[in-house]
Amino acid sequence: MNINKFFSLFVILLFFLSCSKKIEIEEALKERSLDLQMIEAYEQGMSSLKSGDVLFAAKKFNEAEILYPQSIWAPRSALMAAYAYYLQDYYGDAVAELERFIKVYPKHENLDYAYFLLATAHYEQIVNEKKDLGSLLDAKKNFLIVINNFSNTDYAIDAKFKLDLIDETLASKEMYIGRYYLQQKKWISAINRFRTVVDQYDSTIYTEEALHRLVEIHYFIGLNDEAQKYANLLGYNFQSSEWYEKTYSVFNKKYEKNKKIIKNKNKSNSKLIKKIKSLFE
């Protein structure tokens, strides 16, 4: 009786082991099949990308990712889909793909490239700096991520260059609005705009003019100490600037008059030199 029970248990065990082995084989074959399908889809995507059919390429890359999401090729496929969209100026689609990539694969080895491409896709959408403020700010935010988190990469070097251009554009926008408020005699609004340039975009070419405008406005409304403070700041950093000369004229009313006299005198001397020179020709 015990022998029969043992034999029965042995037969059952063999049955389950056989089924388990069969399932493992089927799973392996299925995995192998998905792997081959994924590789085929990826290769079709690459081929379409090279031929210029970027939409079909992106579709095949997405298909490759879906077929085998556990594979190392899945995140690569997602990045290639984003790149395909970017290559053909489908920036909105590229941004969507890249944002999804960053969310799904937050520790991927190519995360630096994903952030850089995302920032660049936003940057490329800037057509008019007076209107496309959202794209400017999104580009700046992601370039800063590249600079701060991936400082030792080539992407960081290019990101710094692009960031300087963005700051120049943002400063230009602030100056444009500030000048408008100045013309409208909306002193506080104008001051706020020029202060933004001085405080946030001090490395741009607009800093000198912004400081001069702050001197000009504060002097005009009677805040001489504030005017002098900004004049000193301008003089300390940009003493050879034309804006420093204009600032000096705000405090020295005789400056412009003397400047014109000197200029006219120089012109007269120049004519005399030319006249003398003609004697030797």
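Taken together, the values in this text are just the output of simple stated rules run on the coordinates, not laboratory data. Fair warning: this is a prediction, and the values are worked out from it, not measured in the lab. Quick reminder, even Gly has a Cβ in these numbers, built from the backbone with ideal geometry, and neighbours come from all protein chains shown.
Averaging Cα coordinates gives a centre for the range 55-80 and one for the range 106-159; these two points are 23 Å apart. As a rough footprinting exposure proxy, the listed residues E65, E174, E109 were ranked by other beta carbons within 10 Å of their own, and the order from fewest upward is E109, E174, E65. Sorting I205, I191 from the fewest to the most surrounding beta carbons within 10 angstrom yields I205, I191.
Using alpha-carbon pairs under 8 Å, 6+ residues apart, how would you state the relative contact order of the range 135-251 in percent? Dividing the mean separation by the residue count of the range 135-251 yields 17 percent. Residue-wise HN-Hα couplings along the range 175-192, as the Karplus relation 6.51 cos²θ - 1.76 cosθ + 1.60 with θ = phi - 60° gives them from phi, are 5, 4, 6, x, 5, 4, 4, 5, 5, 7, 6, 9, 4, 5, 5, 5, 4, 4 Hz; Gly and Pro carry x. Normalised by 2.2 N^0.38 Å, where N counts its residues, the alpha-carbon radius of gyration of the range 33-88 equals 0.99.
Summarising the label geometry, the points placed 7 Å from Cα in the beta-carbon direction at F220 and K141 lie 3.6 nm from one another.
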